[in-house]
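Structure record follows, encoded as structure tokens.
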Amino acid sequence: MNIAGRHAVVTGASSGIGEATARALADEGCSVALVARRESRLEALAEEIDGETVVVPTDVTDEEAVTAMAEEVESAFGGVDLLVNNAGVARGGPVAETELDELRPSIRVNLEGVMNVTHALLPSLLDAELGDVITVSSLSARYPQEGGSSYTASKFGVNGFMRSLRKEMSDEEVRVTIVMPGPVVTELNDWEHWEGRAMDPEDVAETIAFTASRPRRVELAEVSIDSTDKL
């Protein structure tokens with residue numbers, strides 16, 4: 001891979017895919033801004049990473065906090081050329097049995113959070129020689145599951161937002177990629193009762209790093225990653 005020297009922002013970096021992605025990018029020589037709500041976890045991760053990091057505790061649903069995060073990272077790195085939108089939650093349940101307040105967090109974090117962060121960092125990405133926006137969606141956007149209406153809706157929205165952004169960036173030096181994993185072992189789900197084989201966060205992280213490393217003439221528009229045991 002050839003991504004050394006790039007300046008990355010990874011949201012949801014306190015655990016799971018985000019943590020694994022931050023490690024993978026740092027291992028390849030990127031400076032990495034670690035963004036999530038849990039500051040103590042971010043600090044612990046920063047101590048473990050061998051490379052330049054900046055810890056920016058941020059709630060991606062808070063527009064003012066996201067704007068402040070973007071300013072802090074741009075000041076620390078002198079700009080951003082790689083954004084990994086990964087922060088997410090998996091809340092909800094059957095629509096008829098679930099209060100709306102339990103369904104809304106998936107939309108606010110998974111979709112509105114992606115919009116907030118992308119909007120705040122897009123000017124810096126446009127100023128870069130080559131910018132990448134890589135957003136972690138889900139195969140649930142293609143294959144809805146019972147009890148996952150709000151999560152599925154949020155990922156449908158993420159895909160639509162990023163597909164439109166890709167068209168808007170067609171004449172710019174910013175590539176837009178949607179990464180859609182299948183089942184991954186993270187804190188979002190109860191994997192003790194999973195009957196099939198789930199992927200590890202590192203499997204997705206390696207794909208994200210690979211995507212960012214493609215020659216500038218190559219744009220991986222959408223990447224699906226599934227486990228060997230099908231859904």
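Positive-end ranking of 105, 76, 60 along the dipole of the range 7-225, with charges on Cβ about the Cα centre, is headed by 105. Counting only alpha carbon atoms, the long axis of helix 63-77 and the longest principal axis of the chain meet at about 40°. Available extension along the chain between residue 49 and residue 76 is 8.0 nm, counting 0.36 nm per residue and deducting the alpha carbon span. Give me the tail of P(r) for the range 72-134 as a percent: Cα-Cα pairs with distance above 20 Å. Considering the range 72-134, 42 percent of its Cα-Cα pairs are separated by more than 20 Å. P(r) tail for the range 49-166: Cα pairs beyond 16 Å make up 63% of the total. The angle separating the long axis of helix 201-212 from the principal Cα axis of greatest extent in the chain is about 40 degrees. Among beta bridges identified by DSSP and lying wholly in the range 112-222, the antiparallel ones come to about 0 percent.
Length gained on full extension, residue 146 to residue 129, computed as 0.36 nm times the residue gap minus the Cα-Cα distance: 1.8 nm. By the count of neighbouring beta-carbon atoms within 10 Å, fewest first, 210, 161 end up ordered 210, 161. The H on the amide N of residue 131, modeled in the peptide plane, is under 5 Å from the matching H of 174, 175, each at least 5 residues off or on a different chain.
Along its principal axes, the chain has C-alpha extents of 49, 37, 31 angstrom, given from the largest down.
In a simple Cβ point-charge model (Lys, Arg +1; Asp, Glu -1; nothing else charged), the chain has a dipole of about 800 debye relative to its Cα centre. Note on the range 45-122: with charges restricted to the Cβ of Lys and Arg (+1) and Asp and Glu (-1), its dipole about the Cα centre is near 340 debye.
The angle between the Cα long axis of helix 39-48 and the longest principal axis of the Cα atoms of the chain comes to about 60 degrees, rounded to the nearest 10.
Here, each number is a calculation from the coordinates, and none is a lab measurement. Remember, predicted model here, so these are calculated numbers, not experimental data. Methodologically, a virtual Cβ is constructed for each residue, glycine included, from the backbone with ideal geometry; neighbour enumeration extends over all protein chains shown.
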